[in-house]
Amino acid sequence: MTSALTWIGDEIQNLKAAGLYNRIRTLSSPQGAWLVVDGKKVLNFCSNNYLGLANHPKVVQAAQAAMEKYGVGPAAVRTIAGTMDLHIELEKRLAAFKGVEAAITFQSGFNANLATIPALVGKEDVIFSDELNHASIIDGCRLSGAKIVRYNHCDPQDLDKALFEERRNHPRALVVTDGVFSMDGDIAPLDQIYEVARKHDAILMVDDAHGEGVLGKGGRGIVDHYDLHGKVDIEVGTLSKAFGVVGGVVAGNGLIVEWLRQRARPFLFSSAMTVPDTAACLASLEILESSTELVDRLWENTRFFKDEMRKVGFDLGKSVTPITPVMLGEAPLAQEFSKALFEEGVFAMAIGFPTVPRGKARIRVMISAAHQQEDLERGLEIFTKVGKKLSVI
Ligand SMILES: *Cc1c(COP(=O)(O)O)cnc(C)c1O
């Protein structure tokens, strides 16, 4: 090995010494309420499979049927020969579901952010970004070359102040926020952010990755939740959380979507979503369109689990969504808690610095419509047992 690479080994050692090295567990079962993880059957409190669609029979069958007809790969980027009628159908149906003018799909939600932000603002321009926005928004902002102004988390007054100070120095301005913040489960005050963005003539973009299929009527997302139809310029979404598949979507203003088909680099230079992914997303969408049953069950499960957890004395922070942070404080305690849960048969991840601030380490429980009442009761029982053992409650 050349000495040019020795720093990597040193850095990996540092991560291990600081307890920050990712040790990735391996699943040998489908996603569902229960998983086989490293050979052990455990209750799944980790995944973003909010509606249980990742292994839904209708979704699996749709992918199989599409592969019979179209094969697997798109074989090209969208603009050359990679756009199939399935892609167009998915985009039309997603736009109709969300009640917007148009939609465009990408290979992932991460890519959707990298695609959209640099297509809308450049070096001369300015972006106002919530300080807790997702990494893919941060990277999209950096790629654009625009000036980035971070405003205080979910604080429309601070956003207003920042726009007042900076807006006039730049031809274009973009305000961007997560819809649901994935570590705390709180929701951006999008109605107030909209008013501020409009007042200062800025483009408004929301990344609704954890709100898609969760918030709003039948899972139509954060714009529906606040009844802001026609007011938010662009909604970024992911097809890899509640939709249970993989992919990204940008929905909203028709002119912006048309522009992205001309200018978005991951659209122009990276191949389309695969056939089974596209067909599976269409099937997930059909399930969402046909009934609100899964979304309703997700919220019933969420209310039940959070109420019971609070009753036994856990601190769930400021979550108002199925994302349930169990606040523990120091990172080693959170890690010990997660390990004890796993030994008892519950798979729930500890999250510490730098993903969340120091002293705010937690276990993050993800509730799903796939959970049965008895699964949640079992989870509660084990959380209570471990909580008492480790003197948290
Ligand atoms: C998960 C997430 C993404 C990434 O979505 P993928 O489809 O997994 O790439 C982007 N933004 C936010 C806010 C997310 O939570």
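The values are calculated or read from the model by the stated rules, or taken from the named source; none is laboratory data. Predicted model only: the values in this text are computed from it and were never measured. A quick note on method: Cβ atoms are made from the backbone with ideal geometry, for glycine too, and the neighbour counts reach across all protein chains shown.
Exactly one residue out of 273, 309, 327 is buried (at least 22 other Cβ atoms within 10 Å of the Cβ) and more than 30 Å from residue 62 (Cβ to Cβ): that is 309. Just one of (1) buried (at least 16 other Cβ atoms within 10 Å of the Cβ); (2) not in a loop (DSSP other than H, G, I, E, B) fails for residue 51. It is (2).
When residue 45 is tested against (1) crowded, with 17+ Cβ neighbours inside 10 Å; (2) among the aromatic types (Phe, Trp, Tyr); (3) modelled with pLDDT under 95, just one condition goes unmet, and that condition is (3). What about residue 244, is it assigned to a loop (DSSP other than H, G, I, E, B), within 12 Å of the ligand (Cβ to nearest atom) and crowded, with 22+ Cβ neighbours inside 10 Å? In short, yes. Residue count for the range 175-205 under the criterion of being on the phi > 0 side of the Ramachandran plot and under 21 Å from the mean Cα position of the chain (by Cα): the result is 1. Among the residues of the range 220-233, those identified as buried (at least 24 other Cβ atoms within 10 Å of the Cβ) and in a helix (DSSP H, G or I) are 222, 223.
Criterion applied to 274, 278 was being over 11 Å from residue 116 (Cβ atoms) and touching a Leu at 6+ places or on another chain (Cβ under 6 Å), and the one residue passing it is 278.
Which of the residues that make up the range 138-174 are over 21 Å from the mean Cα position of the chain (by Cα) and among the hydrophobic types (A, V, I, L, M, F, W, C)? Answer for the range 138-174, where residues must be over 21 Å from the mean Cα position of the chain (by Cα) and among the hydrophobic types (A, V, I, L, M, F, W, C): 146, 148, 149, 159, 162, 163, 164, 173.
Just the residues that are of a type in the set (S, T, N, Q) and closer than 18 Å to residue 81 by Cβ, please, taken from the range 247-296.
Within the range 247-296, 262, 270, 271, 274, 278 qualify.
Among the residues of the range 15-24, are any crowded, with 16+ Cβ neighbours inside 10 Å, touching a residue at least 24 places away in the same chain (Cβ under 8 Å) and under 27 Å from the mean Cα position of the chain (by Cα)? Looking through the range 15-24, none of the residues is crowded, with 16+ Cβ neighbours inside 10 Å, touching a residue at least 24 places away in the same chain (Cβ under 8 Å) and under 27 Å from the mean Cα position of the chain (by Cα). When the test is whether a residue is touching a Leu at 6+ places or on another chain (Cβ under 9 Å), of a type outside the set (Ser, Thr, Tyr), within 12 Å of the ligand (Cβ to nearest atom) and closer than 29 Å to residue 96 by Cβ, residue 178 passes it. Of the residues making up the range 186-218, those that are among the β-branched types (Val, Ile, Thr) and either within 12 Å of the ligand (Cβ to nearest atom) or touching a Ser or Thr at 6+ places or on another chain (Cβ under 9 Å) (or both) are 187, 193, 206, 214.
Taking the criterion of being over 22 Å from residue 67 (Cα atoms) and within 12 Å of the ligand (Cβ to nearest atom), the residues of the range 250-292 that qualify are 250, 266. Does residue 236 satisfy being surrounded by 24 or more Cβ atoms within 10 Å (Cβ to Cβ) and either within 16 Å of the ligand (Cβ to nearest atom) or more than 22 Å from the chain's Cα centre (by Cα) (or both)? For residue 236, the condition - surrounded by 24 or more Cβ atoms within 10 Å (Cβ to Cβ) and either within 16 Å of the ligand (Cβ to nearest atom) or more than 22 Å from the chain's Cα centre (by Cα) (or both) - is met. Residues that are surrounded by fewer than 20 Cβ atoms within 10 Å (Cβ to Cβ) and farther than 17 Å from residue 210 by Cα were ranked within the range 124-137; the one that is nearest to the ligand (Cβ to nearest atom) is 131.
Of these, 93, 25, which one is within 23 Å of residue 241 (Cβ to Cβ) and in contact with an Asp or Glu (Cβ under 6 Å, 6 or more places away or on another chain)?
Numbers: 93 fails: in contact with an Asp or Glu (Cβ under 6 Å, 6 or more places away or on another chain).
Selected residue: 25, the only one of 93, 25 that is within 23 Å of residue 241 (Cβ to Cβ) and in contact with an Asp or Glu (Cβ under 6 Å, 6 or more places away or on another chain).
In the range 83-199, counting only strands (runs of 3 or more DSSP E) that sit wholly within it, the ones holding 1 or more residues that are closer than 30 Å to residue 274 by Cα and of a type in the set (S, T, N, Q) span 102-106, 173-178.
Which residue, of 252, 216, is surrounded by 24 or more Cβ atoms within 10 Å (Cβ to Cβ) and among the small types (Gly, Ala, Ser)?
252
Of the residues making up the range 352-378, just one is in contact with a Phe, Trp or Tyr (Cβ under 6 Å, 6 or more places away or on another chain) and either in a helix (DSSP H, G or I) or outside the structural domain of residue 315 (by TED's automatic domain parsing) (or both), namely 376.
Just one of 102, 95, 115 is buried (at least 21 other Cβ atoms within 10 Å of the Cβ) and within 14 Å of residue 236 (Cα to Cα); which is it? Please lay out each step first, then the result.
Details: 102 fails: buried (at least 21 other Cβ atoms within 10 Å of the Cβ); 95 fails: buried (at least 21 other Cβ atoms within 10 Å of the Cβ).
One residue alone meets the criteria, 115.
Answer with yes or no whether residue 278 is outside any helix (DSSP H, G or I), of a type in the set (S, T, N, Q) and in the same structural domain as residue 68 (by TED's automatic domain parsing).
Numbers: outside any helix (DSSP H, G or I): no; of a type in the set (S, T, N, Q): yes; in the same structural domain as residue 68 (by TED's automatic domain parsing): yes.
In short, no.
On the stretch given as the range 179-215, residues that are closer than 20 Å to residue 356 by Cα and of a type in the set (Phe, Trp, Tyr) total 1.
If the condition is being assigned to a loop (DSSP other than H, G, I, E, B) and within 18 Å of residue 354 (Cβ to Cβ), then the range 1-21 contributes 18, 19, 20, 21.
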